[in-house]
Amino acid sequence: MDEPDPAVTESPPLEQDGTAVSPSEMGAATFGMGCFWGPDARFGAMEGVVRTRVGYAGGTTPTPRYHALGDHTEVVHVVYDPETVTYDELLEVCWANHDWASRAPKRQYRGVVLTHDDHQHEVATNQRATLEERTGQSVETAIEPFDQLFLAEDYHQKYELRSTPVVGDELAAQYGDAFVDSTVVARLNGFVAGHGTPTQRNEVLASLDLPPRLLEELRRRF
Ligand code: MHO
């Protein structure tokens, strides 16, 4: 198994594979929503999301790994273009796709919104208040300042796509080191999990320069 340096420093996100976007124009959002495989796919399919990564955050243990998490939690870390998708919208997807009303039995799977700045903190606390008012239930999901992301092992990144027969292995080989950070791979990971619209899927497939057999195989999957 690969053991990358777990402490992640921000490298420029990739807009379309290979095109660097200035990190200053991008927003980052981090959510703990239970097992991180599902949120990785869900956010990856969203327009405006330029990169997803899964990792461990929200704790103090120095170098968490999947089998030695310490006090960290599984999170999805999203880099997004604020001109296309807002933090409010990402956060709504977060509430709608995890069990915010219960306390997870393990800290590994707790609900947590890790905010990157004051604006995010304000949006998160406002949305939490609205949710409680609307439902009459209290929110157990924590809202805490983001500190650091420890990148999860390769086999957890884009898990849905990676574990799709044939295409997973072939795309991982095609993309190599770019697999984890690629916008297109994030979309495909979402599509194989059933997310995205037919228009979106066709657009992405049409933009891909892949062997016809691989494209055919992808089409069969969504
Ligand atoms: N359902 C999975 C959870 C893995 S997730 C990355 C399992 O039973 O192992 O924690």
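The values are calculated or read from the model by the stated rules, or taken from the named source; none is laboratory data. Because the structure is predicted, anything quoted here is derived from the model rather than measured. Note that we place each Cβ from the backbone using ideal geometry, even for glycine, and neighbour counts take in every protein chain shown.
List of remarks:
- When the test is whether a residue is among the small types (Gly, Ala, Ser) and either assigned by TED's automatic domain parsing to the domain that holds residue 94 or within 18 Å of residue 36 (Cα to Cα) (or both), residue 178 does not pass it.
- Looking across 65, 110, 162, one residue alone is crowded, with 16+ Cβ neighbours inside 10 Å, more than 14 Å from the chain's Cα centre (by Cα) and not assigned by TED's automatic domain parsing to the domain that holds residue 28. It is 162.
- Scanning the range 205-221 turns up one or more residues that are modelled with pLDDT under 95, touching a Lys or Arg at 6+ places or on another chain (Cβ under 7 Å) and not assigned by TED's automatic domain parsing to the domain that holds residue 113.
- Residues located in the range 73-88, provided they are more than 21 Å from residue 203 (Cβ to Cβ), crowded, with 23+ Cβ neighbours inside 10 Å and not polar (S, T, N, Q): 74, 75, 76, 77
- The residues of the range 153-178 that are on the phi > 0 side of the Ramachandran plot and within 16 Å of the ligand (Cβ to nearest atom) amount to a single one, 158.
- Checked against (1) within 15 Å of the ligand (Cβ to nearest atom); (2) of a type in the set (Asp, Glu); (3) touching a Ser or Thr at 6+ places or on another chain (Cβ under 9 Å), residue 74 passes all but a single condition, namely (3).
- When restricted to residues that are in a loop (DSSP other than H, G, I, E, B) and either over 21 Å from residue 162 (Cα atoms) or among the hydrophobic types (A, V, I, L, M, F, W, C) (or both), the range 26-35 contains 2.
- Restricting 55, 38 to residues that are within 16 Å of the ligand (Cβ to nearest atom) and not in a strand (DSSP E or B) narrows the list to 38.
- The range 175-187 residues that are in contact (Cβ under 8 Å) with a residue 60 or more places away in the chain, paired with ones that are among the basic types (Lys, Arg) and part of a helix (DSSP H, G or I) (beta carbon under 9 Å, 6 or more apart): 187/201
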